[in-house]
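Only the coordinates and a few stated rules stand behind these numbers; no lab work does. Fair warning: this is a prediction, and the values are worked out from it, not measured in the lab. No Cβ is skipped: glycine too gets one built from the backbone with ideal geometry, and neighbour counts run over all protein chains shown.
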Amino acid sequence: MKAATVPGFAGSWELTEVPMVSAGPGQVVIRVRASGLCHNDVLCGDGGFGRLPVDPPVFGHEAAGEVVEVGAGVTTREVGDRVGTTWVQALCGRCDYCRTNPPLTGTAGMGCRRASLSGLTVQGGHAEYFVATAASTVLLPDGLSFELAAPVLCAGYTAWSALRAARPQPGERVAVVGIGGLGHLAVQFANACGYQTIAVTRSPDKHELISGLGADQVVADGKQLAEIGGADVILLTASSTPAGAEALQGLREGGRLVMANIDPGNSFTLPAQSQFWARRQQILGASHDGLQYLAEALELVASGRVTPMIEQFSADRVNDAVERLRDGDIRFRAVISY
Ligand SMILES: NC(=O)c1ccc[n+]([C@@H]2O[C@H](COP(=O)([O-])OP(=O)(O)OC[C@H]3O[C@@H](n4cnc5c(N)ncnc54)[C@H](OP(=O)(O)O)[C@@H]3O)[C@@H](O)[C@H]2O)c1
Ligand SMILES: [Zn+2]
Ligand SMILES: [Zn+2]
């Protein structure tokens, strides 16, 4: 079978032949039809998350396709099912963290010492075939294409979890900082839920597109956000943590900043004079916060109220997609067909 691999974690992706996979107990094999390219895949390919125990390294955690093989003991999935796969496949069930019996979430994926994580500890979804635990897959809504489902499986799932984590109240204003894969979906989710939505982007060339996604206002940074009255909720979906600290100046009293981003090289510094204490603000984290949220996000997309904006690439052009994502040039999620 063919898969996208990154020899030596040197950042250059290529389509190569790798051994065919098969389903172990509790697993299914999926014929991948569409696989979204997440910023984290690029970080992985550059060696940013350390070395995968699988050789050659195959990344990816936004794969959608059909079940073609079912392993022993699987009762919830059948050959022919249209499924989406997620990042956290399984927990060890035995470490100190797992003794709390957590559900399959991003929190548990990082808390468990021996979690099975697509594209991190086991082969990922940038391949023709992909093995996943049946329990970590979701059935796709009827009529939702693989291409539009794929970006929801991480980008949409995270963006929706971040909005949920902020617990926005009726009439509150939601700002989204950084309009890429996650951010363009976060803008649409907030708009679909009826919140006044402000996009914060450092890219002037995105303004028109972002307005088309349903943003009521588009500004360049936290200073401008403050000037137009601020926001009660800020979702940080930029790949830069300092952008979150800068955005704090646009957070209203009692506001929540949700850090959905990952930026391994940078720290978050509370700006001097932010009066965070007096303003009773909160900083929260969000990830893949429960498969029920993924189902909600997929339904919003299937209903047409939210539509991922994608650029499609054939498998042999995967490295072009990686380079364009690196350059900040994708509008707004690259989806690879394998
Ligand atoms: N929590 C989780 O479980 C989870 C899951 C997936 C991804 N992530 C993280 O979420 C972030 C977004 O991922 P993505 O796939 O949406 O990435 P993406 O498509 O590359 O979008 C990131 C956006 O961040 C902004 N940005 C880039 N460099 C910046 C800089 N130096 N300063 C300020 N803003 C910058 C850009 O938006 P503008 O041009 O609009 O400014 C860019 O489009 C990444 O940090 C990723 O690691 C987290
Ligand atoms: Zn991701
Ligand atoms: Zn564990």
GluC sites (Glu not before Pro) in the stretch 123-226 lying in a DSSP loop, each with at most 15 other Cβ atoms within 10 Å of its Cβ, come to none
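Rg to Rh ratio, the chain, alpha-carbon atoms and Kirkwood radius?
On the way: Rg = 19.4 Å, Rh = 20.1 Å.
We get a ratio of 0.97 for the chain.
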Within the stretch 225-294, which chymotrypsin sites (Phe, Trp or Tyr not before Pro) sit in a loop by DSSP and count at most 12 neighbouring Cβ atoms inside 10 Å? 277
Per 5 Å bin from zero, what fraction in whole % of the C-alpha pairs of the stretch 156-285 is there, up to the bin with the longest pair? 2, 12, 25, 27, 21, 9, 3, 0
Neighbour net charge for residue 195 - beta-carbon separation under 11 angstrom, K R +1, D E -1: -2
Near the amide H of residue 235, under 5 Å away, which other amide H atoms are found, from residues 5 or more places off or on another chain, if H is placed in the peptide plane? 175, 176, 177, 258
Go ahead and set up a Gaussian network model of the chain, Cα springs under 10 Å, then flag whichever of 283, 310, 198 fluctuates most. 283
Return one number: the angle in degrees, 0 to 90 and rounded to the nearest 10, between the long axis of the Cα atoms of helix 155-166 and the longest principal axis of the Cα atoms of the chain. 40
With only Lys, Arg, Asp and Glu charged, each at its Cβ (+1 for the first two, -1 for the last two), find how big the charge dipole of the chain is about the Cα centre; round to the nearest 20 debye. 920
In debye to the nearest 20, how big a dipole does the stretch 156-285 give about its Cα centre with +1 on each Lys and Arg Cβ and -1 on each Asp and Glu Cβ? 340
Taking the 0 to 90 degree range and rounding to the nearest ten, how far is the long axis of helix 181-192 tilted relative to the main principal axis of the chain, both from C-alpha atoms? 60
Relative contact order in percent for the chain (Cα pairs under 8 Å, 6+ apart) equals 19
Max mean-square fluctuation residue, GNM over the chain, Cα-Cα springs under 10 Å, options 118, 211, 274: 274
